[in-house]
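Inspection log for the structure reproduced underneath, given as structure tokens.
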Amino acid sequence: MTRDEVPRGARVLVSALLVVMAVFGFGHFEAWPLTSFHLFSAERKPNETRWAATTVDHAGHETPLNQQRLSLGYRLAEWPLQAFPTSSHATRVAVCRGIAKGARAAGRDVASVRVYQVDESIARVDDHWVVSKVPHLYSTCGPAELGS
């Protein structure tokens with residue numbers, strides 16, 4: 001081997017990394033830390049439906065979930081919510097329990113969890129963009145489902 005030649009092990013490693021990135025990128029798999037880059041490549045449409053959760057305390061006060069204030073294990077709660085309407089009842093209850101557990105771990109009083117379908121629209125008004133959000137209550141997980 002000459003000084004200018006790349007070692008065989010380095011070539012194999014780089015080739016393997018490129019193959020793995022291509023498989024995840026084009027195969028639309030998500031397995032952290034490997035990704036298909038959906039976070040940055042999703043097209044934004046003028047009208048979209050999102051799903052959001054809130055917690056309700058025993059006094060009846062409703063608080064948005066705000067995942068960033070939850071511990072790291074619960075910050076991705078929005079992802080299972082996107083499949084909420086097509087999930088089985090058992091999966092919906094499990095998602096609600098996970099949300100309640102994360103909120104309680106953050107110090108919240110949680111009596112129930114509400115899941116909203118949020119219709120979002122974005123429109124250009126004059127020289128700026130306006131986003132409107134219209135929430136519709138989709139489901140409530142009460143004390144019976146949350147096990148409290």
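If only one of Ile99, Ile122 is touching a helix residue (DSSP H, G or I) at 6+ places or on another chain (Cβ under 8 Å) and β-branched (Val, Ile, Thr), which one is it? It would help to see each step written out before you state the result.
Details: Ile122 fails: touching a helix residue (DSSP H, G or I) at 6+ places or on another chain (Cβ under 8 Å).
Unique residue meeting the criteria: Ile99.
Of the residues in the range 98-133, how many are among the charged types (D, E, K, R) and out of contact with any strand residue (DSSP E or B) (no Cβ under 7 Å at 6 or more places or on another chain)? It would help to see each step written out before you state the result.
Initially, the range 98-133 is screened for residues among the charged types (D, E, K, R), giving 101, 104, 108-109, 114, 119-120, 124, 126-127, 133.
Applying the additional criterion that residues be out of contact with any strand residue (DSSP E or B) (no Cβ under 7 Å at 6 or more places or on another chain) yields 101, 104, 109, 124, 126-127.
Of the residues in that region, 6 qualify.
List the residue pairs whose Cβ atoms are under 9 Å apart, where the first residue sits in the range 84-96 and is aromatic (Phe, Trp, Tyr), the second is surrounded by 14 or more Cβ atoms within 10 Å (Cβ to Cβ), and the two are 6 or more positions apart or on different chains.
As it stands, the answer is Phe84/Trp51; Phe84/Ala53; Phe84/Arg92; Phe84/Val95; Phe84/Val115; Phe84/Gln117; Phe84/Tyr138; Phe84/Ser139, since those pairs meet every condition given.
Working only within the range 99-148, note down all residues that are surrounded by 13 or more Cβ atoms within 10 Å (Cβ to Cβ) and part of a loop (DSSP other than H, G, I, E, B).
Passing the criteria: Ala106, Arg108, Asp109, Val110, Ala111, Gly142, Ser148.
What do you reckon, is Trp51 modelled with pLDDT under 80 and under 27 Å from Phe24 (Cβ atoms)?
No, not satisfied.
Would you check which residues across the range 62-102 are modelled with pLDDT of 85 or more and of a type in the set (A, V, I, L, M) and list them?
Hits for the range 62-102 are Ala90, Val93, Ala94, Val95, Ile99, Ala100.
Scan the range 76-97 for residues that are surrounded by fewer than 16 Cβ atoms within 10 Å (Cβ to Cβ) and either assigned to a strand (DSSP E or B) or among the small types (Gly, Ala, Ser) (or both) and jot them down.
Ala83, Ser87, Ser88, Ala90, Ala94
If you check every pair at least six apart or on different chains, which have Cβ atoms under 9 Å apart with a residue in the range 1-13 that is at pLDDT below 90 first and a residue that is surrounded by 10 or more Cβ atoms within 10 Å (Cβ to Cβ) and of a type in the set (Val, Ile, Thr) second?
Close Cβ pairs satisfying both conditions: Val6/Val14.
The values are calculated or read from the model by the stated rules, or taken from the named source; none is laboratory data. Remember, it's a predicted structure, so these values are computed and weren't measured experimentally. Cβ sites come from the backbone with ideal geometry, for glycine too, and all protein chains shown count toward neighbours.
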